[in-house]
Amino acid sequence: QVRLVESGGGLVQPGGSHRLSCEASGNFFSINAMAWFRQAPGKQRELVARTTNGDSTYYAASVKGRFTISRDNAKNTVYLQMESLKPEDTAVYYCFAGIQTTMYGYNRDYWGQGTQVTVSS
């Protein structure tokens with residue numbers, strides 16, 4: 001069974017830095033796109049950053065220049081390095097991965113359980 005497990009949430013001061021990690025575990029053939037979404041109270045879940053297995057990246061306008069997504073394919077892990085954090089970055093952050101479980105299988109969507117990031121003094 002495929003699982004995504006996030007780590008690194010916590011309380012950060014405005015202007016500070018923080019890094020989230022998400023590791024995929026279980027039996028699968030390949031991981032395609034990996035991404036981070038976030039959901040603030042009373043708001044819809046939004047895409048923060050995405051990376052494909054070809055290393056192309058996308059960032060939401062609100063985080064571009066402050067956040068960096070990267071992945072370590074050997075560890076099946078995606079990271080989100082967050083800099084210059086603002087109170088409006090406070091949200092539950094969710095890891096996403098498109099995973100092909102068998103060689104001839106379909107790409108399926110998997111989500112982590114979410115990790116809280118709070119930016120506050």
Select from the stretch 44-60 the residues that are touching a residue at least 24 places away in the same chain (Cβ under 8 Å) and outside any strand (DSSP E or B) and list them in ascending order. Arg45
Tell me which residues, restricted to the stretch 61-98, are out of contact with any Ser or Thr (no Cβ under 9 Å at 6 or more places or on another chain) and without any contact (Cβ under 8 Å) to a residue 12 or more places away in the chain. Ala61, Lys64, Asp72, Ala74
For Lys75, are the conditions met, namely being farther than 27 Å from Gly26 by Cα and either in contact with a helix residue (DSSP H, G or I) (Cβ under 6 Å, 6 or more places away or on another chain) or of a type in the set (D, E, K, R) (or both)? no
Only unsatisfied item for Thr51, checking (1) in contact with a helix residue (DSSP H, G or I) (Cβ under 8 Å, 6 or more places away or on another chain); (2) open to solvent by less than 40 Å² (accessible area, probe 1.4 Å), is (1)
Scan of the stretch 26-40 for residues that are loosely packed, with under 13 Cβ neighbours inside 10 Å and modelled with pLDDT of 95 or more, ordered by number: none
In this structure, is Lys43 under 14 Å from Val5 (Cα atoms) and open to solvent by 30 Å² or more (accessible area, probe 1.4 Å)? no
If you take the residues in the stretch 2-37 that are in contact (Cβ under 8 Å) with a residue 60 or more places away in the chain and in contact with a helix residue (DSSP H, G or I) (Cβ under 8 Å, 6 or more places away or on another chain), which one is farthest from Ile69 (Cα to Cα)? Pro14
Identity of the residue in the stretch 69-121, among the acidic types (Asp, Glu) and outside any strand (DSSP E or B), that ends up most open to solvent (accessible area, probe 1.4 Å): Glu88
Mind listing just one residue for me: the one in the stretch 54-68 that is in contact with a Phe, Trp or Tyr (Cβ under 9 Å, 6 or more places away or on another chain) and aromatic (Phe, Trp, Tyr) and, of those, most open to solvent (accessible area, probe 1.4 Å)? Tyr59
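The values are calculated or read from the model by the stated rules, or taken from the named source; none is laboratory data. Computed from a predicted structure; not experimentally measured. Please note: Cβ atoms are built from the backbone with ideal geometry, for glycine as well, and neighbour counts cover all protein chains shown. Just the protein is used for accessible areas: all its heavy atoms, side chains included, with ligands, DNA and RNA removed. Shrake-Rupley method; radii C 1.70, N 1.55, O 1.52, S 1.80 Å.
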